[in-house]
Amino acid sequence: MKWFLFHRLMALLPVLFVVSLVVFCLVHLAPGDPVLVILGNDASPQDIATLRQQMGLDQPLLAQFVRWFGAVISGDLGHSLFLNASVTDLFMQHLAPTMSLALYALAIALTFGLAGGVVSAWQHGRLADRVIRSLATFGMSVPGFLLGLFLIFVFAVRLRWFPVVGYRSTNDDGLLNLWYLTLPAIALGFRIAALISRMTRAVMLDVLQENYINTARAKGVPESLVLLRHTLKNALIPVLTICGESFASLVTGTIVIESVFGIPGIGSLIVDSIERRDFTVIQGVVLLITVCYVLINLLVDVLSYLADPRLSVEGSEN
Amino acid sequence: MLHNNTRLFFWGGVLVAIVLLSFCSSLFSPYDAYSIDPLSRLKPPDAAHWFGTDNFGRDLFVRVAVAVRVSLSVGAAVALIAGFTGLTVGLLCAWFRPLDLILMRVCDGLFAFPSLLLAIAIVGVLGPNIANVVLALSLVYVPSIARVIRGAAMVVKEKNFIEALRAQGASSGRIIWLHLLPNVISPLIVQVTWVFSVAILTEAALSFLGSGVPAPTPSLGNLLLEGKAVIFTAWWMTFFPGIAIVLLILALNIIGDDLRDGAEPGLKALPVRVMRQLKKGAQRG
């Protein structure tokens, strides 16, 4: 276990280094001078020179990278060019809506994905199976924002069951928070539900062929127990992997979904920063999210290892 | 098998129909995608305007057709550029060990980003226009192609016939060009089809966020963005672009799945194939 963890952590270092290099280069790709963006086009040459020196832009690129990288390692992602706040503070302020949306979506995806997969495997080849599989194929081809617009149109504009857009903090009212987040969470979770149900169905059908399932049935174990206890358990590790990898879809999905539903989360922060051309915020947020993504994948690896030690053999080969 | 073939033909037909309709839209409709007609703004669908008109009075049918054309072109450009670059990087990495160490680290790093996030950041920093969208998406999808090609080429590299060729004194260039390349074509095709459909989806998401194809050029994403603003009054502005994108992606995904089954018949057994496929699916986000 120790070695497994050590290897995985060591493999992360070059990845994180390249990630930060790419993020650093991003801002230096930008056409135009960030100093002119801040001061406007009619700034005096003196002001420009002073600010450039303050921001360290007069130094060679390599020196700038070393300085920036050192600051990042010590947890300082810099200040917003436009708002009077540090990037880390801005990130934390916008984190709550995104987190609750992502967790809610994951909960919906797990519930419906697992249920769909189990029913699909149980009713293999029958009508219910076909309906669920078509829904899953459909779910993987519909972009989340389109589904979001559809849900708004049907459930908010026509039926008026849910609010059209907006967000309520959990501090005000937990239930209200859930009510506002339901449509966005469905739009976000549908695709992952589709993935999970396809995966669950495939693994369960595979396991149902095993001899020990025959044994269980021959012993007279009720079919529901065979399905849920003997079969479903084996499907859980691949589902765990999917959940970890879905983090990418959740994060990038929230960016778009938040803009559909007007939720003030990380996605809105990114989109607003791009409109304002607030480079340090874009840089910092992209870096933070990617590091989270890398770490969550590591966590999933470790969890799958703990759940099924057989995987460690494959793990050490990689 | 017959069932699979009918399915393939059906969705292939849908794809061809969409492509033909989008490229020959001028045969069906006299309107121009950019000419503004303030008197007939936000008209619901009728005999003259099949899909209705938008908030500038432009004919939506023609705009959706042009948007499909734009999306297909972006997808094709990205698939070509990323496919070619990924192929080159993958082959070189498989053959030259020192290059492998450097280039694959870079690919791992790029691969670690959620793809839409990296694309948004690049387009956001460079400024929204079609060239930058193509550039960003190509950069985002090169690593996944390079990895697959490298893996496939590594397998071939270990085969005996390659060793025999080296013993005969064949140059690296000759082996890569004449012997590695033909053996990685089928995984390349599978990956490129996949990139084609994901690039269309990602472009739509980018344009929907306003950092993709800029107005007035229609794209499936920015038509939906315009539709969102008038969702209370003009359902057709979301409905038709939405249908177009869903049909297009469904057709591409189903054809892609069948291609993959054809290209890797050995992997048909569950759950390995399904797991690979689904893993890829999860990364598409």
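Every read-out reported here was derived from the displayed coordinates using simple, explicitly stated rules and does not represent laboratory data. Predicted model only: the values in this text are computed from it and were never measured. Every residue, glycine as well, gets a Cβ built from its backbone with ideal geometry; the counts of neighbours run over all protein chains shown.
Under the combined filter of DSSP loop state and at most 13 neighbouring Cβ atoms within 10 Å, the range B:155-214 retains these GluC sites (Glu not before Pro): B:E158. Indicate the gyration tensor shape class of the protein assembly as shown (rounded, prolate or oblate), computed on the Cα atoms with a ≥ b ≥ c the square roots of the eigenvalues: a/c under 1.5 is rounded; otherwise a/b larger than b/c is prolate and the rest oblate. Judged from the Cα gyration tensor, the protein assembly as shown comes out rounded (a/c under 1.5).
Shielding of peptide A:288-300 by partners, expressed as the average count of other chain Cβ atoms within 10 Å per residue Cβ, is 2. Put in line by how crowded their Cβ is, counting other Cβ atoms within 10 Å and starting with the fewest, A:L57, A:L288 read A:L57, A:L288.
Take every pair of alpha-carbon atoms less than 8 Å apart whose residues are at least six positions apart; their mean separation over the length of chain A yields a relative contact order of 25 percent. For the pair the range B:71-91 / the range B:1-67, the C-alpha centres are spaced 27 Å from each other. Between the helical axis of B:220-229 and the dominant principal axis of chain B, each derived from Cα atoms, what acute angle in degrees is found, rounded to the nearest 10? Long axis of B:220-229 versus the principal axis of chain B: about 40 degrees. How big is the gap, in Å, between the Cα center of the range A:243-281 and the Cα center of the range B:153-223? First find each Cα centre; the distance between them is then 28 Å. Here the residues B:T202, A:T254, ranked from fewest to most Cβ neighbours within 10 Å of their Cβ, fall in the order A:T254, B:T202.
Does chain B classify as rounded, prolate or oblate by the C-alpha gyration tensor (a ≥ b ≥ c root eigenvalues; a/c under 1.5 gives rounded; else a/b over b/c gives prolate, otherwise oblate)? Judged from the Cα gyration tensor, chain B comes out prolate (a/c at least 1.5, a/b above b/c).
The mean count of C-beta atoms from other chains within 10 Å of the C-beta of residues in A:18-30, rounded to a whole number, is 4. Normalised by the number of residues in the range A:47-172, the average gap of Cα pairs under 8 Å and 6 or more apart makes the relative contact order 10 percent.
If you line up the long axis of helix B:185-208 against the longest principal axis of chain B, both from Cα atoms, how many degrees apart are they, to the nearest 10? Here the helix axis deviates by roughly 30 degrees.
Classify chain A from the C-alpha gyration tensor, please: rounded if a/c falls under 1.5, else prolate or oblate depending on whether a/b exceeds b/c. Oblate, since a/c reaches 1.5 and b/c is not below a/b. For the residues of A:239-251, the average number of beta carbons from a partner chain within 10 Å of their own beta carbon is 4. 3J(HN,Hα) along the range B:39-53: 5, 10, 7, 6, 7, x, x, 8, 5, 6, 10, 4, 9, x, 10 Hz, from the Karplus curve 6.51 cos²θ - 1.76 cosθ + 1.60 with θ = phi - 60°, whole Hz, x for Gly and Pro.
Count Lys and Arg as plus one, Asp and Glu as minus one, and take only other residues whose Cβ is under 14 Å from that of A:I132; the net charge is then +4.
A helix-only calculation puts the protein assembly as shown at -24500 deg cm²/dmol for mean residue ellipticity at 222 nm, using -39500 (n - 2.57) for each DSSP H run of at least four residues, averaged over all residues. Qualifying trypsin sites (Lys or Arg not before Pro) in the range B:137-203, where qualification requires a DSSP coil assignment and no more than 16 other C-beta atoms within 10 Å, comprise B:K159.
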